[in-house]
Amino acid sequence: MRAHQIMSRRVIAIRPEAPIADAIKVMLAHHISGLPVTDSAGKLVGIICESDFLRRAELETEHTRNRLLTVLLGADRIAREFVKEHGRKVEQVMTPDPATIREDTPLEEIADLMERRGLNHVPVMRDDRMVGIITRSDFLSAVARPLTGAPGYSDDDNQIRRSVLAAMARMPWQPIGLNVSVRDGVVTLRGVVKGDNAHRAAIVACENASGVRGVDDRLCLQPTCPDPEDDYGGGDFVSLQAEPSTLDDEPL
């Protein structure tokens, strides 16, 4: 199995100049633990995760160093830690130049990378463009089926899945973090929808795909808050730009 078979395609990204308060609000609202950071041209420049907020002045968890250790570590490292622990913008807190993978990277290599470097999120690239992201929860979903003894995907299921994804492609109501799986003609939908109408539209799109026998609806409703695409502009990737703080893919 390879990256494109389990990755999520519709990924929320945020701009480096955005306030960290906006990043936190988005992660909490969408139940995600990390955000890719892209510049105005859509180039991936970093990633900001829950772990980046473990050491923060607001929590009084910032590093404290005695004089000797400060000398040994050097002024440059101490200054870098200060920026991360007190910074107010995403670019000051994020991890720059994150590890990335290609769409055709084998899952074995991805698992080794994530384990070796302690990563929870790995952006998936096509040349210089981000086309998806893999998280540890994607591995969890992929492992769940074999452990429950479910049979493998059939060619018909693969075709149904491609049809469902095509029906939702570029739709403004497409679920965020969309994950589609099909077993014996039954479509399982996972992701976050922005309202009741978007929820119904996703179900109808599935039901209208040829060969679908049923829909296992596991979509989550986004908490009431401003629509990121309405507030910040959108696209295949919802990119949150600097504003005053107001706030998938082949078969598994």
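The values are calculated or read from the model by the stated rules, or taken from the named source; none is laboratory data. Just so we're clear, the structure is a prediction, and the values are computed from it rather than from any experiment. Using ideal geometry, Cβ is built from the backbone for each residue, glycine included, and neighbour counts are taken over all protein chains shown. Each accessible area value is taken on the protein alone, full model and side chains, heavy atoms only, with ligands, DNA and RNA left out. Shrake-Rupley method; radii C 1.70, N 1.55, O 1.52, S 1.80 Å.
Among the listed residues Pro175, Pro223, Pro244, which satisfies the condition of being modelled with pLDDT of 50 or more and open to solvent by 50 Å² or more (accessible area, probe 1.4 Å)?
Within the list Pro175, Pro223, Pro244, the selection yields Pro223.
Regarding Leu165, is this residue of a type in the set (A, V, I, L, M), over 26 Å from Pro36 (Cβ atoms) and either assigned to a helix (DSSP H, G or I) or at pLDDT below 85 (or both)? When the stated conditions are applied, Leu165 does not pass them.
Hey, could you check region 148-162 for residues that are in a loop (DSSP other than H, G, I, E, B) and among the polar types (S, T, N, Q) and say which is modelled with the highest pLDDT? In this case the residue turns out to be Ser154. Comparison of Val187, Val192, Val143 shows that the only residue that is modelled with pLDDT of 75 or more and either open to solvent by 40 Å² or more (accessible area, probe 1.4 Å) or touching a Lys or Arg at 6+ places or on another chain (Cβ under 7 Å) (or both) is Val143. Listed by first and then second residue, the pairs with beta-carbon distance under 9 Å, at least 6 apart or on different chains, first residue in region 55-83 and closer than 17 Å to Thr95 by Cβ and open to solvent by 70 Å² or more (accessible area, probe 1.4 Å), second part of a loop (DSSP other than H, G, I, E, B) and polar (S, T, N, Q), are Arg55/Thr61. Taking residues in region 24-41 that are over 16 Å from Asp97 (Cβ atoms), and partners anywhere that are assigned to a helix (DSSP H, G or I) and open to solvent by less than 60 Å² (accessible area, probe 1.4 Å), the pairs with Cβ atoms closer than 9 Å and at least 6 places apart or on different chains are Ile24/Phe53; Val26/Pro228; Ala29/Pro228; His30/Pro228; Ile32/Val26; Ser33/Met27. Restricting region 3-18 to residues that are farther than 22 Å from Asp97 by Cβ and open to solvent by 10 Å² or more (accessible area, probe 1.4 Å), the residue that is modelled with the lowest pLDDT is Arg10.
With the requirement that a residue be open to solvent by 10 Å² or more (accessible area, probe 1.4 Å) and β-branched (Val, Ile, Thr), what does region 19-37 give you? Once the filter is applied, which keeps residues that are open to solvent by 10 Å² or more (accessible area, probe 1.4 Å) and β-branched (Val, Ile, Thr), region 19-37 yields Ile20, Ile24, Ile32.
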